[in-house]
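No lab work stands behind these numbers, since they all come straight from the coordinates. Every value quoted in this text rests on a predicted model; they were computed, and no experiment measured them. Glycine gets a Cβ as well: all are built from the backbone with ideal geometry, and neighbour counts include every protein chain shown.
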Amino acid sequence: MRTSLIPIIFLSLSPLLARAAEEPPRIISTQGEAIVYVVPNEVVLNFGVETVDKVLDNARTANDQACTQLLKAVKDLGIEDKHIQADRMNVTIRYSSRDNLVITGYEAHRSYCVVLKDVKKFEALVDAALKNGANRFDGFNFQTSELRKHRDKARAMAIQAAKEKAVDLAKALDCKVGHPRTISEGGGSYGYWGGGNRYGNAMAQNSVQVNPGGGEEGGDTMPLGQIAIRANVSVSFDLVTP
């Protein structure tokens with residue numbers, strides 16, 4: 001009797017297994033976004049020194065002198081050598097507008113990149129640089145030294161936002177959310193925010209958090225604003241039906 005029951009049981013289960021294999025999994029996919037605002041605690045500034053002369057050696061000498069004066073002024077603010085990066089001197093030949101074969105002079109140029117750890121000295125550094133040899137100011141960028149920590153926090157918040165959205169959607173259909181199937185991270189962003197409505201287009205179940213960061217607010221003439229660190233994730237869950 002036992003040997004005769006085995007084929008019968010197997011045959012009765014075969015249609016069920018076949019139907020289960022044919023049915024696609026029921027899933028629910030959502031996206032979550034989170035934004036963490038941080039007060040910057042350092043600034044990166046870029047400026048340069050350009051000198052022009054009809055004689056090449058004179059252009060180089062003038063550039064060296066201006067750069068020496070500039071570096072002294074920067075270091076007098078307490079900025080360490082390791083936070084000052086300089087490019088090699090570049091020389092550009094100037095030609096006559098009428099004849100490209102006629103040399104009218106030489107332009108010597110050197111660029112500097114300074115990482116300012118004390119953001120309260122921002123204006124003082126710009127003023128010192130422009131008054132002591134720098135005749136090009138190529139911009140600045142506020143940033144945080146703890147970017148990785150804040151990005152990790154934003155990512156965790158984005159995942160939580162995606163899960164909460166999935167739970168609400170499933171509940172509206174009288175279903176429940178099961179285990180996650182796939183998780184992917186979109187292109188996050190990192191940028192300076194100086195004003196306006198930082199909560200502008202935030203949608204429901206997306207997250208926003210404001211952290212004080214490591215720096216202090218600047219003076220009245222230079223409010224620091226905040227850095228917006230964004231994370232985006234896409235998650236798919238099993239959709240459990242009653």
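Odds and ends about this structure:
- Length available on full extension from residue 64 to residue 171: 0.36 nm per residue minus the Cα-Cα distance, which gives 31.5 nm.
- Cβ crowding within 10 Å ranks 157, 89 as 89, 157, fewest other Cβ atoms first.
- About its Cα centre, the dipole of region 42-143 is roughly 60 debye, where the only charges are +1 on Lys and Arg Cβ and -1 on Asp and Glu Cβ.
- Peptides 30-37, 60-67 ranked from most to least packed by the mean count of surrounding Cβ atoms within 10 Å: 30-37, 60-67.
- For region 31-165, the Kirkwood hydrodynamic radius comes to 17.7 Å, computed from all pairs of different C-alpha atoms.
- Low-density loop positions, GluC sites (Glu not before Pro), region 119-191 - DSSP coil, at most 16 other Cβ in 10 Å: 146
- Among 114, 52, 233, a tally of other beta-carbon atoms within 10 Å of each Cβ gives an order, fewest to most, of 52, 114, 233.
- Cross-link reach list, lysines versus residue 131, counting only Cα pairs under 25 Å and skipping chain neighbours closer than eight places: 54, 72, 75, 82, 117, 120, 121
- Taking 169, 45 and counting other C-beta atoms within 10 Å, the order from fewest to most: 169, 45
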